[in-house]
Amino acid sequence: MFGSRSSKDDKPAAPVTADSSQPRDPQAPKGRPTPKRSQAQSQRRMVTAPTTRKEAAKRTREARRADMAKRQEALAGGDERYLPARDKGPVRRFARDYVDARWSMAEFFLPAAILILVLSFLGGQAQALSLMLWMAVIVLIVIDSFILAFRFKKQLKERYPDESHRGATAYALMRTLQMRRMRLPKPQVRRGERP
C-alpha cells in the first residue's frame, strides 16, 4: 500500500495541451517546473495603491499630463485615433484639408485688426482710413466666407453623400479664422493642393 511503484506501473507522461474545453486532470503534469518562490515574486507585478492623498493627486496629475501630451502630439501629426471628437471622421478631415488648401481672407483678420488699431490711434486722416479699412476687411471676409461655404457644401455632397454633414460647414469657417501656422490639427496639405 505505501510501497514504491513497480516498473510495470510506470507510464510515460502524455504531453499536455492547452485545451480550455476539458478540465485538466489533477494528476497530470503541468508541462513546466514549478518556479522558485524568489523567481515567482520577482515576476509578480506589484501595483501599489497610493498611501496618501498627495501621492494620489501626483499620480493623477502625471496620468493627465501624459494623456495631454499624447493628444497634443496627435493634433500636431493629425493621428485620427487620438483626436478630440470634434475633429474625428472623414468629413472633418476633408473640411480641414479643403480650408488649408486655399487662401482665405479671414485668416488675415488678426494682422489687419492690429494695423487698423494702430491707424486709429494716429488720428486725423489715418483714423478715417482705419474706419474705411475696417469696413472693407469685414465685407471681404463675409463675401469670402459665403463663397467658401457654397463651394464646400457642393464638394461635400459629391464626396460624402452618405455621411452626416452636420456642423461641417461651421467647422470649416471657424478654421479659416485661425492663422495657418496656429491651426490645430496642423495642416496636412499645401496651399493650392487639391484635397
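The values are calculated or read from the model by the stated rules, or taken from the named source; none is laboratory data. The model shown is predicted, which means the values in this text are computed figures rather than measured ones. We place every Cβ from the backbone using ideal geometry, glycine too, and count neighbours over all the protein chains shown. Please note that ligands, DNA and RNA were not included when accessible areas were found on the heavy atoms of the full protein model with its side chains. Shrake-Rupley method; radii C 1.70, N 1.55, O 1.52, S 1.80 Å.
Taken over segment 171-195, residues that are open to solvent by 60 Å² or more (accessible area, probe 1.4 Å) and within 20 Å of the chain's Cα centre (by Cα) amount to 7. Restricting the first member to segment 134-162 and to residues that are closer than 27 Å to Pro90 by Cα, and the second to residues that are surrounded by fewer than 13 Cβ atoms within 10 Å (Cβ to Cβ) and not charged (D, E, K, R), the beta-carbon pairs closer than 7 Å and six or more apart or on different chains are Tyr160/Pro90.
For Ile116, the conditions (1) open to solvent by 50 Å² or more (accessible area, probe 1.4 Å); (2) assigned to a helix (DSSP H, G or I) are fulfilled apart from (1). For Ala106, the requirement of being within 30 Å of Thr176 (Cβ to Cβ), assigned to a helix (DSSP H, G or I) and open to solvent by less than 90 Å² (accessible area, probe 1.4 Å) is met. The sole residue among Arg86, Arg32, Arg64 that is free of Cβ contacts under 8 Å to residues at least 24 places away in the same chain, of a type in the set (D, E, K, R) and not in a loop (DSSP other than H, G, I, E, B) is Arg64. Out of curiosity, is Ala56 small (Gly, Ala, Ser), part of a helix (DSSP H, G or I) and in contact (Cβ under 8 Å) with a residue 40 or more places away in the chain? Answer is no for this residue. A single member of Gln125, Gln72, Gln43 is surrounded by 12 or more Cβ atoms within 10 Å (Cβ to Cβ), farther than 20 Å from Arg190 by Cα and polar (S, T, N, Q), and it is Gln72.
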